[in-house]
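A.B. asks: Supplied in structure tokens, the structure appears directly below.
The values are calculated or read from the model by the stated rules, or taken from the named source; none is laboratory data. A quick note: this is a predicted structure, and the numbers were derived from the prediction, not measured. Note that each Cβ is placed from the backbone with ideal geometry, even for glycine, and that neighbours are counted across all protein chains shown. The accessibility values were calculated without ligands, DNA or RNA, using every heavy atom of the protein model including side chains. Shrake-Rupley method; radii C 1.70, N 1.55, O 1.52, S 1.80 Å.
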Amino acid sequence: MRPLRLGEWYVEERQEQQRLDEALADLGQVGTGHRHPVIAVGSNASPGQVAHKLTRLGIPAAVPMVPVRVHGIGVGCSGHISPAGYVAGTPYVDPRAETTLVVTWLDSTQLKAVDDTEFPDYRRAILPGDAFAMTMPSGERLGGAYIYFSAHGVLADPATGQPRPGGGDQAEPLAALLAGSARLRELLGTDPATWVRRAGADRAPRERGTLVFGEEGWVLPQTGFLPYVDDASKLRPYDDLPPLDGSLPRRA
């Protein structure tokens, strides 16, 4: 028996038994087949953050969000300091990794709004499901999905030369970065709270701190996603990304 496509899933919170596409139609929103699956890393996996980005622009925030098991993607720290003052997460290609991430299903207007919050610090790629196996809770293997990755590279752990783990609480990675660089301590203070306060208030220390990352030799270039960078003017919806069969994925 084939796995149910997303629009056929039942919405449990509603009083009457209703499929997701029916619930979206009742809200006057686009169905799942015309939405674009986007793998979310960092704050974009938070329903509250997605709602904030959309509603402040007057865009409806009805966005299905589904956990998906992804092969070939690790989560690290971007090689730049964000406008909010912290070090944001970024995906990177790791053929050995298996990670549970969130896929947001955005309509075209919502995706354009998220694009505007990501560029130019992030680029968008579309990952093929035969190179990066993406398995839904229903058992469906997605034929493809979009993803944003940092244009600034990935921060490396000096002890291992491998990407620093990203996501989650900022205190630990910021403390480790401060401990490893006297220049960062002089620029951003001796503790994570001071770092975020200084960097969030002023563009200059953000830009200088980003340069220090490179000068310390901590930045690994992001090349694994380059073959999949999406510059097409036409976005691909879920209906144009047919699910794959159960064959083994081709490793990235």
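A.B. asks: Counting only protein heavy atoms, what percent of the accessible surface of the chain is carbon or sulfur at a 1.4 Å probe?
C.D. replies: Numbers: 6520 of 12290 Å².
Within the chain, the accessible surface is 53 percent carbon and sulfur.
A.B. asks: Of Phe213, Tyr148, Pro173, whose Cα points farthest to the positive end of the dipole of the chain (charges on the beta-carbon: +1 Lys, Arg; -1 Asp, Glu; origin at the Cα centre)?
C.D. replies: Most positive-ward Cα: Phe213.
A.B. asks: Largest first, what is the accessible-area ranking of Met65, Met134 with a 1.4 Å probe? Before the final figure, lay out each step's value.
C.D. replies: Numbers: Met65 55, Met134 0 Å².
Ranked from most to least accessible, the order is Met65, Met134.
A.B. asks: What are the ³J(HN,Hα) values, in whole Hz, obtained from phi via the Karplus relation 6.51 cos²θ - 1.76 cosθ + 1.60 with θ = phi - 60°, for each residue of the range 154-166 in sequence order, with x given for Gly and Pro?
C.D. replies: Residue by residue, the range 154-166 yields 10, 6, 9, 7, x, 6, 10, x, 9, x, 5, x, x Hz.
A.B. asks: Among Glu207, Glu118, Glu186, whose mean-square fluctuation peaks in a Gaussian network model of the chain (Cα, cutoff 10 Å)?
C.D. replies: Residue with maximal mean-square fluctuation among Glu207, Glu118, Glu186: Glu186.
A.B. asks: Could you put Lys112, Lys53, Lys234 in order of accessible surface area, largest first, with the 1.4 Å probe and the full protein assembly present? Don't skip to the end; give the middle numbers.
C.D. replies: Details: Lys112 115, Lys53 20, Lys234 150 Å².
Largest to smallest exposure gives the sequence Lys234, Lys112, Lys53.
A.B. asks: Tell me the relative contact order for the range 150-252 as a rounded percent, counting alpha carbon contacts under 8 Å between residues six or more apart.
C.D. replies: Values: 66 pairs, mean separation 31.2, N = 103.
In percent, rounded to a whole number, it is 30.
A.B. asks: Would you calculate the separation in nanometres between label points at Arg236 and Ala62, each defined as 7 Å from the Cα along the Cα-to-beta-carbon direction?
C.D. replies: 2.7 nm
A.B. asks: Taking the Cα atoms of the chain, report the difference between the largest and smallest coordinate on each principal axis, in whole Å and largest first.
C.D. replies: 58, 41, 34
A.B. asks: Accessible area per residue, 1.4 Å probe, Å², for the range 124-176: what's the number?
C.D. replies: On the way: 1840 Å² over 53 residues.
Heavy-atom SASA per residue in the range 124-176 reads 35 Å².
A.B. asks: With +1 assigned to the C-beta of every Lys and Arg and -1 to the C-beta of every Asp and Glu, and no other charges, what is the dipole magnitude of the range 1-57 about the Cα centre in debye, to the nearest 20? Can you show the working numbers first?
C.D. replies: On the way: 7 positive and 7 negative charges, 69 e Å.
The calculation lands at about 340 debye.
A.B. asks: Before anything else, pin down the relative contact order of the chain: Cα pairs under 8 Å, at least 6 apart, normalised by residue count, whole percent. Present the calculation step by step, with values, prior to reporting the outcome.
C.D. replies: Values: 477 pairs, mean separation 62.8, N = 252.
Relative contact order, the chain: 25 percent.
A.B. asks: For Val68, list long-range residues whose amide hydrogen, built 1.01 Å from N in the peptide plane, is under 5 Å from its own amide hydrogen.
C.D. replies: Leu101, Val102, Val103
A.B. asks: Can you classify the range 133-247 as rounded, prolate or oblate using the Cα gyration tensor, where a ≥ b ≥ c are the square roots of its eigenvalues, rounded means a/c under 1.5, and otherwise it's prolate if a/b beats b/c and oblate if not?
C.D. replies: Details: a/c = 2.52, a/b = 2.28, b/c = 1.11.
Prolate.
A.B. asks: Expected output is a single nm value to one decimal: the length gained when fully extending between Asp245 and Asp26, i.e. 0.36 nm times separation in residues minus the C-alpha distance. What is it?
C.D. replies: On the way: separation 219, 0.36 × 219 = 78.84 nm, distance 3.20 nm.
Separation in residues times 0.36 nm, less the Cα-Cα distance, equals 75.6 nm.
A.B. asks: If you project the alpha carbons of the range 32-174 onto the principal axes, what extent comes out on each, in Å, largest first?
C.D. replies: Principal extents (Cα only, largest first): 45, 35, 23 Å.
A.B. asks: Could you work out how much longer the chain between Ala182 and Arg197 gets when fully extended? Use 0.36 nm per residue separation minus the Cα distance between them, nm to one decimal. Walk me through the numbers on the way to the answer.
C.D. replies: Details: separation 15, 0.36 × 15 = 5.40 nm, distance 1.82 nm.
Extra length available between Ala182 and Arg197 comes to 3.6 nm.
A.B. asks: A further question on this structure: Under unit Cβ charges (Lys, Arg +1; Asp, Glu -1), what dipole magnitude, rounded to 20 debye, does the chain have relative to its Cα centre?
C.D. replies: Values: 25 positive and 30 negative charges, 86 e Å.
It works out to roughly 420 debye.
A.B. asks: What whole-number value in Å² describes the accessible area per residue of the range 181-232 for a 1.4 Å probe?
C.D. replies: Roughly 56 Å² per residue, with all protein chains present.
A.B. asks: Restricting to DSSP H runs of at least four residues, report the calculated mean residue ellipticity at 222 nm for the chain, -39500 (n - 2.57) per run over all residues, nearest 500 deg cm²/dmol. All intermediate terms of the calculation are to be shown ahead of the outcome.
C.D. replies: On the way: 7 runs with 66 residues, N = 252.
Rounded to the nearest 500, it is -7500 deg cm²/dmol.
A.B. asks: Would you please give the FRET efficiency between Ala175 and Asp116, computed as 1/(1 + (r/R0)^6) with r the Cβ-Cβ distance and R0 = 30 Å, to the nearest 0.05?
C.D. replies: On the way: r = 32 Å, r/R0 = 1.06.
So, using R0 = 30 Å, E works out to roughly 0.40.
A.B. asks: Where is the GNM fluctuation largest for the chain (alpha-carbon springs, 10 angstrom cutoff): Asp107, Asp231, Asp157?
C.D. replies: Looking only at Asp107, Asp231, Asp157, the biggest GNM fluctuation is shown by Asp231.
A.B. asks: What is the diffusion coefficient of the range 30-109 in µm²/s, taking the Kirkwood radius over Cα pairs and the Stokes-Einstein relation at 37 °C with a viscosity of 0.692 mPa s? Write down the numbers at each step before the final one.
C.D. replies: On the way: Rh = 13.8 Å.
D = 237 µm²/s.
A.B. asks: Next question, about the same structure. Would you tell me the accessible area of Thr55, worked out with a 1.4 angstrom probe on the heavy atoms of the protein chains, in Å² to the nearest 10?
C.D. replies: 80 Å²
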